[in-house]
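One structure is given below, encoded as structure tokens.
The values are calculated or read from the model by the stated rules, or taken from the named source; none is laboratory data. Source: prediction; values computed, not measured. Quick reminder, even Gly has a Cβ in these numbers, built from the backbone with ideal geometry, and neighbours come from all protein chains shown. Each accessible area value is taken on the protein alone, full model and side chains, heavy atoms only, with ligands, DNA and RNA left out. Shrake-Rupley method; radii C 1.70, N 1.55, O 1.52, S 1.80 Å.
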Amino acid sequence: MSAMRWRLLAPRNVRLLDRGRSERSAGGNGAQPARALSSPPVSASPPGRTLSSLSATRRGLPKAKMSENGVVPRAKVLTIDTMNPTVKNVEYAVRGPIVARAVELERELSEGMKKPFAEVIKANIGDAHAMGQQPITFFRQVLALCSYPELLNDSTFPDDAKSRARRILQSCGGNSMGSYSASQGIDSVRQDVARYIERRDGGVPCDPNNVYLTTGASDGIMTMLKLLVCGEGMTRTGVMISIPQYPLYSAALAELGAVQINYYLNEEKCWSLDISELQRALDEARNHCNPRALCIINPGNPTGQVQSRECIEDVIRFAAKEGLFLMADEVYQDNVYAEGCQFHSFKKVLFEMGPEYSDTVELASFHSTSKCYMGECGFRGGYMEIINMDDDVKAQLTKLVSVRLCPPVPGQALMDLVVNPPQPGEPSYDNFIKERSATLSALAEKAKLTEQILNTVEGISCNPVQGAMYSFPRIIIPEKAVKEATDKGQQPDMFYCMKMLEETGICLVPGSGFGQKDGTYHFRMTILPPRDKLQILLNKVQEFHQKFTQHYS
Amino acid sequence: MSQPALNGVSGPGKVLTLDSMNPNVKRVDYAVRGPLVQRAVQIEKELEQGVKKPFTEVIKANIGDAHAMGQKPITFFRQVLALCSYPDLLEDDKFPEDAKKRARRILGACGGQSIGAYSASQGIECIRQDVARYIERRDGGIASNPDTIYLSTGASDAIVTMLKLLVSGAGRDRTGVMIPIPQYPLYSAALADLGAVQVNYYLDEDRCWSLDVKELRRSLHAAREHCSPRVLCIINPGNPTGQVQNRQCIEDVIRFAKEEHLFLMADEVYQDNVYAEGCEFHSFKKVLFEMGPEYSSTVEMASFHSTSKCYMGECGFRGGYMEVINMDPEVKAQLIKLVSVRLCPPVPGQALLDLVVNPPQPDEPSYTSFMKERTAVLAALAEKARLTQEIFNAVPGITCNPVQGAMYTFPCITLPQKAIAKAKEEGQIADAFYCMRLLEEEGICLVPGSGFGQREGTFHFRMTILPPTEKLKIVLQKIREFHLRFTQEFS
């Protein structure tokens, strides 16, 4: 089962996964045993833990009291064997072992250790500000005003920033961002989000009651998936995700014990989505689970494709025909660079297809403050819009989000600014547009540059970065390297990326972290570094690839 | 759940319905934001639209939301946050030097010097170091390792994460988690969501909501008949019950946890909110280490703190941390992996937490003003705690324990049989019925005791003591009048 295969990243994880998997199969939720990988039965025990007590703690069974008089020390309450098995199945490569090593290398460098590079470049994640992108001035002015309202008397702040801050503060309890908001999010912010969606979608109406503010898009996605998961064995909820995918999806599904259903994007056709592939994946999955949701990432992460309108229509028709709940991850909606490409929201297309679809197809769409031109990842702002959700379920959703009280209010405030930026005629408008355009045009240029340079390297081929923030080139790894990696129990592209990190200080994420067709290898690299740095980075990648290929030929 | 079909034939119905959704989510209950609060929001909207009510505003005393109740933020904290949000202000000489210094340090620890960058999933390293030093100071020098600190999105996030790690097994092997009754309903909600078994132990209302190890033992042994109890949750100072555990009791709990092989979860978010004379906050960590290596090297524990309570009350920022003690290194690796999926806690909340654990020092320019603000809030809370208890205990049919700590009173209310019967007719629990009437008649929003759990046949409500003193007096007065009226009506 390829869904399982690509998750195996490191020997350690192979062991953990295998054990977790056998427990899951025993639980009967449809996970098939993967091919045999040698899995040592028990991990090295930390001091103070004995084998006998290990078995005793399995499943947390009450143990005989043997330790009262100091004979045999007891195992811990919480061990790798007694912890939640679904958590063990979770993998998240974007912050996986390679990033852990990158952090270690940074520490070693700061301690004066000699390395073949002077700094670690973390191109593993779409973290714009960390890569030197400056925040949008207007946004930060308003946030400063909201944080410390005394500044409202400061004449150096523009009036439009002050009026935004006043409006946000007025909708906070006690006029303070330090109050809890409504669990669904601040009313006025949800209204602004609804108006933003309407403008974006050419007037298709949006009801603020269908908008839920979230702690980043991840939180919204996780919450929706949680609502959807039920059943056991053959009736366990299956969720269709693209391969390659953003590993939040596989991680969330593992944690929820849902069945991951892979559909493959077509690399030869610029990572496009093909309905016959969706059909194949769905039909196969129906033999062992109950597929109920279809997740789409558009623009694509890690693959950077932008879906055509026609393709979106096809997907919607497919979802309607097959009775699937649609989840549209649209966090890169402003990140479209390629000529002839345009972002179409699923919501807009759905409504333009007429009531036959717009009255029936259930859809959740996700957005975030972390990407686009603002790149404000640290604030964890976001929203989801739900369409055609059953009223009873909506009440359950509202209840569920209330347990976490509310999304962070500064992130909600930021979300408000993103959906309600300075307007023509307001003092901050020109500067806002200038900053926004500069970021987006630089990204477009970097998208082109990345594609161009990588495609000149023998053994690397990449599709155009039509949108989003990443390149996901295919790399040819020599047989010898594949063998050496396999001997080490590593995925070949993990082996490749780890070598690159050690030799060049560049931190990428191996394609196996996102999923890829068997026998193909990739990595994900963000295009966010400043142009000059990106150029250097790409040259280093080129040099490394050539050296690597030569070494293993 | 079917819906009208496109061509007259019965349609397939929605994909996601009450019948086909996650059954665990359906079992989740969270009274603090339950139907009463929804009605309160509705009433607020009606008031706005000019609907006549017997009151002019809704007072939401259902939740510990300090700023919403008019408490002002700590100036220093907000100055630093403004500086972090808009670093151009670092050039502004209106800001004190210590605020600028803190802001520079925080920004220096952020990628690209921006709080808009993702942080490490466990939280910004220098903030975790500051948290560790804070814990050491608090606990009289007992060492704290920054590697055992995890910053979180409010304490709720960390509590759910820890519970998630702990839940396993099926049927009789399913993890059981011991929680106090009354409890803060995050616990019951999280356990329902995770499909874990809730194991109730009752606090002793007659002894100021104290915890009795005999009751723990009773509850544990009963639970072992049907699940595998592995975790013991303690809330100290208590929510909703306001008791402060004494040192002896904490020692007993630790001994019990060791003896019975339980993972301890200590919810200590109200650690600065101790008002009663003779009461003092003792952290579980401190007591654990003072009990010697027999305990401190074996008992597994997680302790939780937050920016939302104490004197700062910054709920909206969702800042918090947990410290884990004696956690198996392999499990710790799994915990780090798990938190990494959510990328990072909100960075403004992390920054705020840093200020809470590293406030202005005596030789710094903001110290005096900080101490003044902090002391004023805590002194007012102590005064309100006393006032609340006094006024309620003067009402026939209401009895309440002293509010030793935290932010709530949880009085026992005597409800007439007729009211209980009437509520039953309407399919309501009597205290929910009572609170709904109070809301409709006086505009005061409380949470019924049934949302927290209570001994069968007793009824309570939770009310926060946060409103400003003058307003609190009015609230208490109104509740008194309502209670008398209600009692009379159903007598």
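Structure notes:
- Meets criteria (over 30 Å from residue B:150 (Cα atoms) and open to solvent by 10 Å² or more (accessible area, probe 1.4 Å)) for residue B:418: yes
- Per-region count, the stretch A:215-245, residues within 11 Å of chain B (Cβ to nearest Cβ) and not in a helix (DSSP H, G or I): 6
- Filtering B:98, B:93 for residues that are open to solvent by less than 10 Å² (accessible area, probe 1.4 Å) and more than 8 Å from chain A (Cβ to nearest Cβ) leaves a single hit, B:98.
- Some residue of the stretch A:170-178 being under 27 Å from the mean Cα position of the chain (by Cα) and buried (at least 20 other Cβ atoms within 10 Å of the Cβ): no
- From the list B:327, B:312, the lone residue that is within 14 Å of another protein chain (Cβ to nearest Cβ), assigned to a loop (DSSP other than H, G, I, E, B) and closer than 30 Å to residue B:476 by Cα is B:312.
- Residue A:253 away from every other protein chain (no Cβ under 12 Å) and touching a residue at least 12 places away in the same chain (Cβ under 8 Å): no
- Residue A:488 fulfils the conditions (1) buried (at least 16 other Cβ atoms within 10 Å of the Cβ); (2) out of contact with any strand residue (DSSP E or B) (no Cβ under 9 Å at 6 or more places or on another chain); (3) of a type outside the set (Ser, Thr, Tyr) except for a single criterion, (1).
- Test: residue B:82 is at the interface with chain A (Cβ under 10 Å from one of its Cβ atoms), closer than 24 Å to residue B:381 by Cα and in a helix (DSSP H, G or I): no
- For the stretch B:272-304, the tally of residues that are under 23 Å from residue B:356 (Cβ atoms), open to solvent by less than 10 Å² (accessible area, probe 1.4 Å) and in a loop (DSSP other than H, G, I, E, B) stands at 2.
- Selection status of residue A:193, assigned to a helix (DSSP H, G or I), closer than 27 Å to residue B:66 by Cα and either open to solvent by less than 30 Å² (accessible area, probe 1.4 Å) or within 12 Å of chain B (Cβ to nearest Cβ) (or both): no
- Of all residues making up the stretch A:493-523, the number that are open to solvent by less than 10 Å² (accessible area, probe 1.4 Å) and in contact with a Pro (Cβ under 9 Å, 6 or more places away or on another chain): 15
- For residue A:127, the conditions (1) more than 8 Å from every other protein chain (Cβ to nearest Cβ); (2) open to solvent by less than 50 Å² (accessible area, probe 1.4 Å) are fulfilled apart from (1).
- Residues of the stretch B:330-358 satisfying the condition of being among the charged types (D, E, K, R), under 24 Å from residue A:405 (Cα atoms) and facing chain A (nearest Cβ under 7 Å): B:342
- Counting only residues that are surrounded by fewer than 24 Cβ atoms within 10 Å (Cβ to Cβ), in contact with a helix residue (DSSP H, G or I) (Cβ under 8 Å, 6 or more places away or on another chain) and either free of Cβ contacts under 8 Å to residues at least 12 places away in the same chain or small (Gly, Ala, Ser) (or both), the stretch A:461-485 holds 4 of them.
- Set A:119, A:150, A:108: member being closer than 30 Å to residue A:497 by Cα and outside any loop (DSSP other than H, G, I, E, B): A:108
- Some residue of the stretch A:166-183 being touching a strand residue (DSSP E or B) at 6+ places or on another chain (Cβ under 6 Å) and of a type outside the set (Lys, Arg): no
- Meets criteria (of a type outside the set (Asp, Glu), out of contact with any Pro (no Cβ under 8 Å at 6 or more places or on another chain) and at the interface with another protein chain (Cβ under 8 Å from one of its Cβ atoms)) for residue B:58: no
- When we screen A:215, A:223, A:156, A:137 for residues that are more than 26 Å from the chain's Cα centre (by Cα), in contact (Cβ under 8 Å) with a residue 24 or more places away in the chain and open to solvent by 10 Å² or more (accessible area, probe 1.4 Å), the only hit is A:137.
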